[in-house]
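The values are calculated or read from the model by the stated rules, or taken from the named source; none is laboratory data. Source: prediction; values computed, not measured. Note: ideal-geometry Cβ built from the backbone for every residue, glycine included; neighbour counts use all protein chains shown. For accessibility, only protein heavy atoms count, side chains too; no ligands or nucleic acids. Shrake-Rupley method; radii C 1.70, N 1.55, O 1.52, S 1.80 Å.
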Amino acid sequence: MSAASSPAAALSRRVCDLVDLFRGIERDRMAGVPVLNPALQVEAVGFEPAFDPAIADPESGGDVEAVGILVTPWFMNLVTMPLERRDDVACVGVSRTRPVGSENFDFIGGHEPAFGSYAACSLFSPMFEFVDQAAAVATARAVLTTLRVPVAAVEQTPSPARRSFLLGRSSATGAVR
């Protein structure tokens, strides 16, 4: 990331570029395609910087990615994209598991000449179950709220040791039931 560009400015610029890209795709490539929900429009929801430990070193500050949801009239996708443009055309169509919060998702790599590389995980497609933009955006926000619960806050029930479980003993007391 260049010294003249703050992470917030880079994020804002990339999100605007993503929205502009998909508005153009809607207007040009998707024109007349019957899977478009006319009640919806292209909107980016909840994009935040995130480090993918598989490719980034948070200590160095390099390779920061943004994760959020892109709502369009034809899909709702979880999207990850670098804050600085990358052109990795070899990633197109390649599936890769990436963590988002405490969950792992399979993302498919994509590349657009006007934007660069990104990856997407389909959440909804087509989008006819959404009556309006507000419903689609509310769903996207609810998904992100659920995914962004800190891992430590996710309550985990201790599981008994396999031997104790098989022998009918409580893992807490070691007693036979």
*asked:* Looking at (1) closer than 30 Å to V92 by Cα; (2) at pLDDT below 95; (3) open to solvent by less than 80 Å² (accessible area, probe 1.4 Å), which one does Y118 not meet, given that it meets all the others?
replied: (2)
*Quick one: A8 ticks every box in (1) at pLDDT below 95; (2) out of contact with any helix residue (DSSP H, G or I) (no Cβ under 9 Å at 6 or more places or on another chain); (3) not in a helix (DSSP H, G or I) except a single one, so which number is it?*
(3)
*Residues of region 59-72 being modelled with pLDDT of 95 or more and part of a loop (DSSP other than H, G, I, E, B), which ones?*
T72
*Any chance you could count how many residues in region 98-115 are in contact with a Leu (Cβ under 9 Å, 6 or more places away or on another chain) and either open to solvent by 50 Å² or more (accessible area, probe 1.4 Å) or of a type outside the set (D, E, K, R) (or both)?*
8
*Filter region 69-85 down to residues that are closer than 15 Å to F115 by Cβ and touching a Phe, Trp or Tyr at 6+ places or on another chain (Cβ under 9 Å), then give me how many there are.*
8
*asked:* List the residue pairs whose Cβ atoms are under 9 Å apart, where the first residue sits in region 84-110 and is hydroxyl-bearing (S, T, Y), the second is open to solvent by 70 Å² or more (accessible area, probe 1.4 Å) and modelled with pLDDT of 95 or more, and the two are 6 or more positions apart or on different chains.
replied: S95/D106; S95/I108; T97/D106
*Quickly run through region 121-143 and pick out the residues that are hydroxyl-bearing (S, T, Y), surrounded by fewer than 16 Cβ atoms within 10 Å (Cβ to Cβ) and more than 10 Å from the chain's Cα centre (by Cα).*
S125
*Which residues, counting only those in region 19-41, are in contact with a Ser or Thr (Cβ under 7 Å, 6 or more places away or on another chain) and open to solvent by 20 Å² or more (accessible area, probe 1.4 Å)?*
E26
*Say whether the condition of being farther than 15 Å from A50 by Cβ, assigned to a strand (DSSP E or B) and open to solvent by 50 Å² or more (accessible area, probe 1.4 Å) is met by at least one residue in region 73-83.*
no
